[in-house]
1. Test of understanding: what is the full-extension gain from I555 to E806, defined as 0.36 nm times their sequence separation minus their Cα-Cα distance?
2. Calculate how large, on average over all directions, the projected area of the Cα convex hull of region 581-632 is; give the answer in nm² to one decimal.
3. Convert each backbone phi in region 764-780 into a coupling constant with the Karplus relation 6.51 cos²θ - 1.76 cosθ + 1.60 (shift: θ = phi - 60°), then list the ³J(HN,Hα) values in order as whole Hz, x for Gly and Pro.
4. If you keep only loop residues by DSSP, which trypsin sites (Lys or Arg not before Pro) in region 52-124 have at most 13 other Cβ atoms within 10 Å of their Cβ?
5. Local charge sum around T676 (other residues, Cβ-Cβ under 15 Å, Lys/Arg +1, Asp/Glu -1)?
6. What is the sum of charges, Lys and Arg at +1 and Asp and Glu at -1, for the other residues whose Cβ falls under 15 Å from the Cβ of T836?
7. Between region 317-347 and region 68-87, how far is it from one alpha carbon centroid to the other, in angstrom?
8. What does the C-alpha gyration tensor say about the overall shape of region 45-170? Classify as rounded when a/c is under 1.5, otherwise prolate if a/b is larger than b/c, or oblate.
Amino acid sequence: MHKKRLNLLPNGKTHLLAARLLSLLLGAALMLISMAAEAATEMIHYHLAVGFDLGKQKIHGTAQLLLPDGQELQLNLQGMEILSIELDGITLPLPKNPILALTPTPDPHRLVIHYQKSFASSPDNLISLEGIALTDLWYPQPDTDCRYHLQASLPKGFEGVSEADQIETEITAGGTTQRFTLNQPLSRLTLVAGPYVVAKESFGNGKTLYSYFFAEDAELASSYRQKALAYLERYEKLIGPYPYQRYSIVENRLPTGYAMAGFTLLGQSVVRLPFITETSLGHEVLHSWFGNAVKVDYSQGNWCEGLTTYLADQAYAADRGNATTFRKGELLKYQHYVRPDSALAVKNFQGAGPGHELPQLAERAIGYGKIAMIFRMLEQKIGQEQFYTGLRHFYQTMNGKTASWDDLRQAFALNNTELNIFFSQWLERNDLPTISADKIALQEKEGILTLSFTLRQATEKPYDLDVPILISTSSGTLHKVVSTSTTDHEVVLPLTQHPTTLTIDPDYDLMRTLSLKELPPSWDWFQGSDKKIAVVNSSSEYDLFQPLIEELEQIGAEIIAANEVTDTELKDNAVIFLGTSGPAPRGLFAATTHPAEGLTIDIRTNPINPLYPMALVSANTPTEAAAGLRKLRHYGSYRFLHFKDGQTLDKQKAVGPLGIQYELEEEPTAIATPSTFDFATVMTKLLNKRVIYVGESHTRYEDHKLQLRVIRELHALGRNVAIGMEMFPHSAQQSLDNFIAGTITENEFLKQSNYFKVWSFDYRLYREIINFARANNIPVIALNIDKEKVSKVYQQGGMAGLSPEELSTLPVDRDLDIPGYRKRIHEVYDFHPGRTEKQFSGFFQSQAIWDEIMAQTIADYVASHPDRQMVVLAGNGHVLKDTAIPPRVARRHPEVDQAVVMSSDGTVIAPYEADFLVFMPPAALPPQALMGIVLTLDKELGSVVIEEVRPQSPALKAGIQKGDILITLEGQPVATPDDVRIILVDKKVGDPITATIKRQRPLFSDYELTLEVIL
């Protein structure tokens, strides 16, 4: 190929003479024999000599580049003052632009540049009396690899480190001169120097480990060397010989964490962190093999960071027994930060910047996390022995070279043609597999128990996957791997024991999308959410959280005042509450118990929409808020953080399920009959409880007999009892008081309390309890709220439909975030066919209002009546110890001792749900006497109209017709439908009753009939 002449490109730079003319003008004497030999090696040899003026924070140097023939080159001179340039001994005009570009010629050349540069305000470089750290653009930097020869004249007392196998040191009265030589091409050069305390130890085959620490941190050096020796030994055994003659751990005044050929450069603030020797140090040591000895061919993507993460960070987690949670953490970061519509394919990953901006976090989730998972899947696919054999082969083959993904594939393949598909899908696709199990069934056939299910991939094009499956039984586990490459893959597994749980990918061996239940709350989740709002309660809190508000705006959060935020915005966004005293956070999480001082960040799952997180933030001063904010970026995986004076005082991670779990069947439970005890013993244990809950299935008579039995026994034992009843709203309290006092009749009570409207269950179920209270002057407390308010919340999906007056009647503090509460309410919701997921938010909030209002009423009563013991009668779902009314009463009055009693109906009750499970003898009320009619009140006529007559009903047999007006029943006037139900309370099936009706005839006058109805 014809080679072009050497020119400085004419974009404002100086033209050179034609190469032939230059060669005539320049004598052979100008080219040193040794330099000519170096140039003939087809690699640029870069001789760099530098000195320093520490007071002026300035470097001055001479760069000599020996260019082989045909070499194209660009030199970056950004920020440098060029003093002179010579090409083959000829002085050239100074360049006007920062990029010096040269095109190739047939001849070698020698380029000499004298320069100086100041680093008074550089974030990446430092020249000062405390030390020197030069990592970026501190010399004329070429755009290609070179063999460097560095000479540095350093101040007295300074020791220098650079990429080198050999360091020659000459100490003079004026300072130190050091020469650094490495027999390996480098893309760029680093120089660090300072008043170091230097120590060394031998390792390997005649190699040396050094530590360069500042005097104030010198006591840390020994532990760093010992850990580094262990890492060096580990990776020599795992991969192959360490590729250099020396390894150095170098402390830097600047906050860095770099791995160079032959050393790692760790910032002083980093070195002092107690966990660095267990984590980051080993990662940087491993980069000596991958990233430095074996360099990356970026044209096919950067494989190095992911491989290093797998062999270092993930391996150390495995050493500690935490490999599963580590891998889950990598998947979580990917899911939180990588947008499906803008995800990079692995082959396009080049590198990730050091910052904590969202784009850098997304890049690291791909280049570090996803690629590490690719190597995990590869090892699982081909086996540990073949994996590490391939890894050692890769290192031996590519040491000193540039390697690509293709080189890796070939090293691992070893005639395994399936790896072509493996590498192709994971390098080229930018989506992730989404897997689930469907049509799960347990079957007994011909004495064999089988578990069958459909393993489903939701991606448009299915992946080729090896899916780990875990089946749990009461006595052990069964592990399987299912290979699939289809959208639906049918799995049938014969079992020898009854299974309880099916788990897909329990150890996180697959790079995949996580299911919703696998997402624990964390700062990463909030920060990475696509839609974010920050709710500020007041102007004073706006000032308090001003630094955090600025940070939130930078990551795309919309700032909204608390009095303007809507239910829809709270449901359809990741939400952060700046201040916890507003109505919205208290209505979702009740009053928080954050520390009084410092900054606290408390991330939860949004209880009304678990697709998003919610965060509660409190602080006592702007200074504390700002100081804690600076630490926050280091704790992305945490759900609770508390900072004081900029120090981390508390940090907690959420514990979530491992793998995609499916409950197959509840395990049977058993009671050892010798451990059961009689009812008298139960009552003895209940005697000193302030609040006793006796649950019920509303139509089960045995439950109501147990309720009365508990009340009667307590009263007989001399306890001062009150009864709290879910069945009555607060508006019925006066009628309850009047009935207990004996000032109104039962019929009057039923009408005045609107019993049949607010409850409607057969009154006979509760009659004996209420009459016992009346006979013994026991207060009955209405616990509930009027249905109309709760119905508004349900129908409108939140609190927005309530007026200020209605809101004022609700408890301010409502906790929707009790663990397990949402799941249980959703199970109840699923029993009602035809309801959509969109409606669940309103249903959930309305149920929480019921629990909270009853808890508030109970708490208020026991607080104002310290002499009373309350027996609460409510549905089983409202009295569960772990999620219903009891924890809400405990939140208000932690000192109140409570107990839960339930009547067994065969349903499994967990120990954490109730204290006592009572086995009542079977009992039933006589069938309820019914006429078989549907009534409506015609307000215009002021009459009760028969809207429907049931087929085969007593009313139909007696001749009652649709449209008849019911005037009297058993001689008593009927003014409302409730009158009919009240009259029938004491009737039995088979009893005759008389009904007077008015029948309308279109062309004739109405007439009355008196009919006998046999119930």
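The values are calculated or read from the model by the stated rules, or taken from the named source; none is laboratory data. These numbers come from a predicted model, not from an experiment. Using ideal geometry, Cβ is built from the backbone for each residue, glycine included, and neighbour counts are taken over all protein chains shown. Heads up: the accessible areas ignore ligands, DNA and RNA and are worked out on the full protein's heavy atoms, side chains in. Shrake-Rupley method; radii C 1.70, N 1.55, O 1.52, S 1.80 Å.
1. Gain on extension, I555 to E806, equals 86.6 nm.
2. Approximately 4.0 nm², given one-decimal rounding.
3. 4, 5, 10, 4, 5, 5, 5, 5, 5, 4, 5, 5, 10, 6, 8, x, 10
4. Values: sites: K56, K58, K96, R110, K117; in loops: K56, K96.
Taking region 52-124 and a limit of 13 other Cβ atoms within 10 Å, the loop trypsin sites (Lys or Arg not before Pro) found are K56, K96.
5. Value of the local net charge: -1.
6. Details: positive: K571, R835, K838; negative: D830, E837.
Result for the local shell: +1.
7. 43
8. The shape class here is prolate.
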